[in-house]
Amino acid sequence: MENLSFRFAKKADVSKILYFIRELASYEHMLDEVVATEELLEEWLFEKGKAEVLFAVKDGEEIGFALFFHNFSTFLGRAGIYLEDLYVKPEHRGSGYGKALLQELARIALERGCGRLEWWCLDWNRPSIDFYLAMGAEPMKDWTVYRVAGEALEKLGGRKTE
């Protein structure tokens, strides 16, 4: 892949990161759920260091991004990488850049001694599912994702009572 490189985001990239998050949310028909701001991203990504962002750069332009963080497998006894978001601009899709981003994340995982690289995918997103399957990914069977957020999180955490 000619003229493709990768770089980790810096604090000055916060507006680019939010741009990619909003583009992904729009693609997933979830733009109305984005409440992230540049200030929140700066705090959580760069001040607290809770996640990392990797850009795919072609000819000096960021054409895709991956936002990820470490998780931990008690069964493996070591960390893994959880890929929260992966997005390539529409005009650059079909040229192998998404695959290159995943390969770079796999390289990072191996370099850091991680035992796995994993992510979620929306059930309706057939193009992405086919792409992931072609890369050797396997869907998890017999697992359901559970989430506590908003008022339910406040209640569970003891900050809100009925």
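With R₀ fixed at 25 Å, the C-beta to C-beta distance from residue 19 to residue 92 puts the FRET efficiency at about 0.95. Fully extending the segment from residue 159 to residue 118, taken as 0.36 nm per residue of separation minus the present Cα-Cα distance, adds 11.6 nm. Does the stretch 4-156 come out rounded, prolate or oblate, given a ≥ b ≥ c as the square roots of the eigenvalues of its C-alpha gyration tensor, rounded meaning a/c under 1.5 and, failing that, prolate meaning a/b above b/c? Rounded, since a/c falls under 1.5.
Counting every other Cβ atom within 10 Å of each residue's Cβ, 8, 20 order from fewest to most as 8, 20.
Using 7 Å Cα-to-Cβ label points, what is the residue 106/residue 76 separation (nm, one decimal)? Placing both labels 7 Å along Cα→Cβ, they lie 1.3 nm apart.
Relative to the current alpha-carbon distance between residue 34 and residue 11, full extension at 0.36 nm per residue lengthens the span by 6.3 nm. If you average the C-alpha positions of the stretch 124-162 and of the stretch 74-102 separately, how far apart do those two centres end up, in angstrom? The two parts, judged by their Cα centres, are 17 Å apart.
For a test of the definition: using alpha carbon positions, the gyration tensor, and the 1.5 limit on a/c, classify the stretch 90-141 as rounded, prolate or oblate. Oblate, since a/c reaches 1.5 and b/c is not below a/b.
Each stretch of four or more DSSP H residues adds -39500 (n - 2.57); spread over every residue of the chain, this sum gives -9000 deg cm²/dmol at 222 nm. Taking springs between alpha-carbon atoms closer than 10 angstrom, which of 117, 41, 31 fluctuates most in the Gaussian network model of the chain? Comparing 117, 41, 31 in a Gaussian network model of the chain, the most mobile one is 31.
No lab work stands behind these numbers, since they all come straight from the coordinates. Remember, it's a predicted structure, so these values are computed and weren't measured experimentally. When we count neighbours, we look across all protein chains shown, and the Cβ atoms used for this are built from the backbone with ideal geometry, even at glycine.
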